[in-house]
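**Student:** Mind having a look at this structure? Questions to follow.
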Amino acid sequence: MKFLETPISVHATAVGLAVLARKVDHPMVPGSLGVFSSAIMAYWVLWMGWIYPTYVSKLRHIPTVSGFPLWGQFLPIISEECGVPQRRWHRKHGPIVRYYFPFGSDRLSIASDAGIRHMTVKNPYNFPKPQRARSWMVRVLGMGVLLAEGAEHQYQRKTLNPGFSISAIRAFTPIFWEKALQMTRKQAELARRGAHGWAARFEILSWLNRCTLDIIGKAGFGAELGALMNGNCPLVGAYRTMFNFDAVSHAMHGFQAFFPNGKYIPCKTNRDVEAARKIIIEECDRILSEKLEAAQEAADAKDVLALIAQENNKLRAKGEPGLSRETMRDQIMTFLGAGHDTTATGVAWTIHLLATHPETQARLRAEIKDAMPCLFDPHWKFDESDAESLACLADVERLRYLDNVCRESLRYIPPIPMTVRQSIQDDVIDGYHVPAGTVIYLLSNSINRLEWFWGEDAEVFDPERWNHLPPTAGTNAFMTFLQGPRGCLGRKFAEIEMKVLLCALLSRWHFEPDAHCVDKYGDPEDWKTWRLVLRPKYGVHLVAKPLDPEQRAMPEPCDSDHVFSTPTGPPPVVNKASEETKPADSSLWSNFMTRGRYVLRGVGHRALSTLSGGW
Ligand code: HEM
């Protein structure tokens, strides 16, 4: 594409060079075809690697990361965690940075208060998602509000807004509790059935994925998805396939990001993705068939499906054809996809941080116990229709320390580490002219840890900071949910859901990192893998110790030997809701790989995951 932007004079020079080369008659000079192609190649390298980025690009006045533009900063981008290289470049070059993708293509990263506000609040519709990003996302998320643009987006957002008001979300809170407590009960049940009554080993992310899927199913569409109760739930498997981390899938998705028709290549990955997509679509269709009629009649209901149904009714009353079945189904797909994995990942990272900061965990548990003692009573049972139950659990939003912990965890490891945009008209950001077509990143995983917003300790996990924020830590310093009309519609929903899940988990278990898994895989924080969501590649493996009444009366069990019997071998894995507790395989613990091999695997893996992100 850049070739076409090249001034005619430069093309003329190249052709002239090539023609001249053909005229040279010397034994040292190879055949004319070779000379011709070498000249074109030399010209191309010169143009892409030097002339265009240095003298022609309209972005050349923006502080630029040094490097050879032909391959640009591709290596750090593909080999490091998403957002980390840009964080480093911002520290060196300031809040607006230009860097190169391969073949001299410019990219911008914005991390200034004014620049972020301009892109997210003042002129958001000039910065839609690029087509390349959309074409991958649409397969998982459907063409719903997340991918709509311009007037269509404004319309959809207006229709859906009532479902995410504070009052609507409060009405969903009993569903959050019901599912969260169902999860902890099921975990405890499986742990009890294991040989080691004292503790269980959890991979917590897979539990949370099931639980949040059930929550969005019931709160969003009044549908029981059964993900917690059925470990072989096809929907869970379908999302797992969609976000598959294996190397072949990543390579394939990476290829398709550049060549969308690659999805038609008849190979296993494509067949698996298509099968998974079919399952997701069928589930959304099932929800529509079973629930739409009831939703159309429930005039006061505020769940997503009811709002879509009401809009449909309104359009029909005006004599218009109404929303197509496909439009409604895609909206369900959007909320199922956007509304479960993000929160599950956020809670999994929080639990990981609490496990590695035991004093924070103890303090948080004490606060929860103080406000909701019922949760710690083994005889207490949650009953959604019982006012006493609800009163006991009414305090989740008033817990200050819980609020601090959630915010800090979401700042420190944002589940969605970045968003990408492409300008459709010329614009000015931070005083720099930005031409139409410029690809711009807003990287929450950079912005959330920059010193000019958060102070010198920006890289430290510290829930206390939320009690004395510097004045610079304003709205645009926290990009986890983005901002403005394209900011997360489900933010309040996610925040309350996250708090409820943490209360339920912390009132049942004391969490510690699973040392055996840390030996095998390393620290989950070293294995953040990005594919829409920034996940721990191997999950978050924990040793979970139950808080029974006697033990609860004692000081927090920071040192396991004080309170629980010392393990003699690896405790059982309680991984899937459907699985019986399995004794752990001791060979699992053999540390058969050297650290060096992990690192190499990490570089290769991140390279593929960056490509497959779609932009
Ligand atoms: C911790 C959990 C969550 C995080 C970190 C998060 C983050 C985000 C971010 C960064 C965006 C903007 C994406 C972009 O434009 O590139 C977004 C959009 C969105 N989110 Fe969330 N989200 C979370 C939970 C949820 C939940 C639970 C729901 C639904 C119940 C939801 C629904 C949506 C929707 C519908 C959009 C599209 C908004 C629009 O474009 O107008 N999110 N979210």
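The values are calculated or read from the model by the stated rules, or taken from the named source; none is laboratory data. Owing to the predicted nature of the structure, the values given are computational and were not obtained by experimental measurement. As a convention, Cβ positions derive from the backbone with ideal geometry for all residues, glycine included, and neighbour counts pool all protein chains shown. What goes into the accessible areas is simple: the full protein's heavy atoms, side chains included, and nothing from ligands, DNA or RNA. Shrake-Rupley method; radii C 1.70, N 1.55, O 1.52, S 1.80 Å.
**Student:** Can you figure out the FRET efficiency of D519 with H357, using R₀ = 25 Å and their beta-carbon distance, to the nearest 0.05? List each step's numbers first, then the result.
**Tutor:** On the way: r = 20 Å, r/R0 = 0.81.
With a Förster radius of 25 Å, E is 0.80.
**Student:** At a Förster distance of 45 Å, what's the computed FRET efficiency of Q131 paired with E388, Cβ-Cβ distance as r, to 0.05? Don't jump to the answer; show the numbers that get you there.
**Tutor:** Working: r = 54 Å, r/R0 = 1.20.
FRET efficiency, Q131 to E388: 0.25.
**Student:** Shifting gears a bit: What shape does segment 446-516 have by the C-alpha gyration tensor, where a ≥ b ≥ c are the square roots of the eigenvalues, rounded means a/c under 1.5, and otherwise prolate means a/b greater than b/c and oblate the rest? Please list the in-between numbers first.
**Tutor:** Numbers: a/c = 2.26, a/b = 1.32, b/c = 1.70.
Here segment 446-516 falls in the oblate category.
**Student:** Sticking with this structure for a sec: Which one of T356, L305, G319 is farthest out on the positive end of the charge dipole of segment 241-383, using unit charges on Cβ (Lys, Arg +1; Asp, Glu -1) and the Cα centre as origin?
**Tutor:** Going by the Cα projections, it comes out as G319.
**Student:** Can you return the aspartates and glutamates within cross-link range of K158? Criterion is Cα-Cα under 20 Å, with same-chain partners fewer than 8 residues away left out.
**Tutor:** By straight Cα distance, K158 reaches E149, D300, D303, E311, E320, E326, D330.
**Student:** Here's a follow-up. With a 1.4 Å probe and every protein chain left in place, tell me how much accessible area M41 has, in Å² to the nearest 10.
**Tutor:** Result for M41: roughly 110 Å² accessible.
**Student:** Starting from the 7 Å offset along Cα-to-Cβ, what nm value, one decimal, do you get for the label separation of E282 and E326?
**Tutor:** My value for the distance between the label points is 2.1 nm.
**Student:** Stretch E451-V121 to full length: gain in nm at 0.36 nm per residue minus the Cα-Cα span? Let's see the in-between values first.
**Tutor:** Numbers: separation 330, 0.36 × 330 = 118.80 nm, distance 2.30 nm.
This chain segment gains 116.5 nm when fully extended.
**Student:** In this model, which of K186/K537; K58/K122; K218/K492; K179/K314; K268/K528; K122/K537 are farther than 28 Å apart at the alpha-carbon? Don't jump to the answer; show the numbers that get you there.
**Tutor:** Values: K186/K537 25 Å; K58/K122 23 Å; K218/K492 17 Å; K179/K314 33 Å; K268/K528 26 Å; K122/K537 37 Å.
Table pairs above 28 Å Cα-Cα are K179/K314; K122/K537.
**Student:** Excluding same-chain residues fewer than 8 positions from K520, which aspartates and glutamates have a Cα within less than 19 Å of its Cα?
**Tutor:** Qualifying aspartates and glutamates at Cα under 19 Å: E203, D246, E512, D585.
**Student:** Can you give the extra length, in nm with one decimal, that the chain gains between N313 and A42 once fully stretched, where that is 0.36 nm per residue apart less the Cα-Cα distance? All intermediate terms of the calculation are to be shown ahead of the outcome.
**Tutor:** Values: separation 271, 0.36 × 271 = 97.56 nm, distance 6.35 nm.
Between N313 and A42, full extension yields an extra 91.2 nm.
**Student:** For A275 and Y55, FRET efficiency with R0 = 56 Å and r from the beta-carbon atoms, rounded to 0.05?
**Tutor:** Details: r = 51 Å, r/R0 = 0.91.
The pair Y55/A275 has a calculated efficiency of 0.65.
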